[in-house]
Amino acid sequence: MAMPDPPKKKQRHPKKKHKLDAYLLAPNDGDEEEEEEVQQEEQYHEVGVLNTCVGYVAKSLDYDNETMLNSSVMVGAALGAFTAGMFADALGPKRAQTLNTINFLLGTWLTVTASSLSTGHWGFVAGRVIAGVGAGAASLYAPRYIAEVAPRELRGGLVTQHQVWVNVGLVVAYCMGMPYEYNLVNVNILGKDVPWWRIMITMAFIPAILQLLGLMGCLESPVWLETRDKEAADEVCIQLWGSRAILYEDGEGDEDNPSHSQSTAPSQSHGTYSQSRGTLSPRMLTLALGLPILQQMCGISTVILFSSEVFQQICGMSTVILFS
């Protein structure tokens, strides 16, 4: 069997800054993308899991402020989304995602073990906020990591899967509330009645643990490594794309590949907002900031968190979980 050609690597010049073109390469084996799918499902399971059971949670915890119990996750999500970029730039997208799993695990544990005593609801709210931090951070980590490890010809489709698996997570979370349609409020475990909502939230441990284990076998983003350790970035590119890895020096390959300057743009170091204003056009910046704001202003978060109650109280539907 003929041996594959070695990676194509041009002669390095000491005075030239090295760049990699990670977007003209063959597809990798897909392990990184599979782990992102798990993270995306986990992300919105945490957000939407109380949609169908918040009333039962409030009754168990003897706390009548259902809005606080449910929407506190959005407070954490805002904090997580605001700080995620800084952590990803400092630690690397893969390492930041690995540490972010702690938010999911800790938040789930606090909500599941919340006491039914008079102050137990505060532990539940704290858990929801922490889980929200994980969900908000994951909304940045997942698409960024996919975009930085995926080859150019597959990048659009793989990043689109982020939204697909977000909705899969929501559907799974809603379907887990179906037992309430059949008046299954408690389940007997080892002779003790356990509220079903605790079982629903406990299920969030499964994707969180799978994500943690899977990320241990994933590679760090070569785009992020390019700004820290160029040799390590080369090695990661070779592991991801094998003999098709093409490594460039600054100014080399541009004559043969006019799109080279555009395809290597993501490998530039990530700056602050004030630094990026000089490189982003006003139109790009407006779209990047305006579209998420408009999306939230349309009320999608209210639908995700409270659609069951809306259908029941306003539309008079009896099988609200199915319609949600």
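The values are calculated or read from the model by the stated rules, or taken from the named source; none is laboratory data. Source: prediction; values computed, not measured. Neighbour counts are summed over all protein chains in view; Cβ atoms, including those assigned to glycine, are modelled from backbone coordinates with ideal geometry. All accessible areas refer to the heavy atoms of the entire protein, side chains included, with ligands and DNA or RNA removed. Shrake-Rupley method; radii C 1.70, N 1.55, O 1.52, S 1.80 Å.
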Can you give the Rg to Rh ratio of the stretch 74-120, both from alpha-carbon atoms, with Rh computed by the Kirkwood formula?
-> 1.13
Under a 1.4 angstrom probe, counting protein chains only, how are 213, 69 ranked by accessible area, largest first?
-> 213, 69
Across the stretch 164-178, in residue order, what do the Karplus-derived ³J(HN,Hα) couplings come to in whole Hz, using 6.51 cos²θ - 1.76 cosθ + 1.60 with θ = phi - 60° and x for Gly and Pro?
-> 4, 6, 4, 6, 4, x, 5, 4, 4, 4, 5, 5, 5, x, 4
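With Rg and the Kirkwood Rh both taken from Cα atoms, where does Rg over Rh land for the stretch 85-232? Mind showing how you got there, number by number?
Working: Rg = 18.5 Å, Rh = 17.4 Å.
Rounded to two decimals, Rg/Rh equals 1.06.
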Once the piece of chain linking residue 90 and residue 193 is laid out straight, how much longer is it, given 0.36 nm per residue of separation minus the C-alpha distance between them?
-> 32.5 nm
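Could you please put 49, 172 in sequence from largest to smallest accessible area, using a 1.4 Å probe?
From most exposed to least exposed: 172, 49.
Magnitude of the Cβ-charge dipole of the stretch 145-227, K/R +1 and D/E -1, about the Cα centre, nearest 20 debye?
On the way: 4 positive and 6 negative charges, 41 e Å.
So the magnitude is around 200 debye.
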Separation of the stretch 161-203 and the stretch 100-116 by C-alpha centroid, Å?
-> 16
Rounded to the nearest 10 Å², the 1.4 Å probe accessible area of residue 202 is 50
Amide H neighbours of residue 187 under 5 Å, counting only residues 5+ apart in sequence or on other chains, H built in-plane at 1.01 Å?
-> 194, 196
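Could you sort 189, 304, 130 by their accessible area in this structure, using a 1.4 Å probe and putting the largest first?
Working: 189 75, 304 20, 130 45 Å².
Result, largest first: 189, 130, 304.
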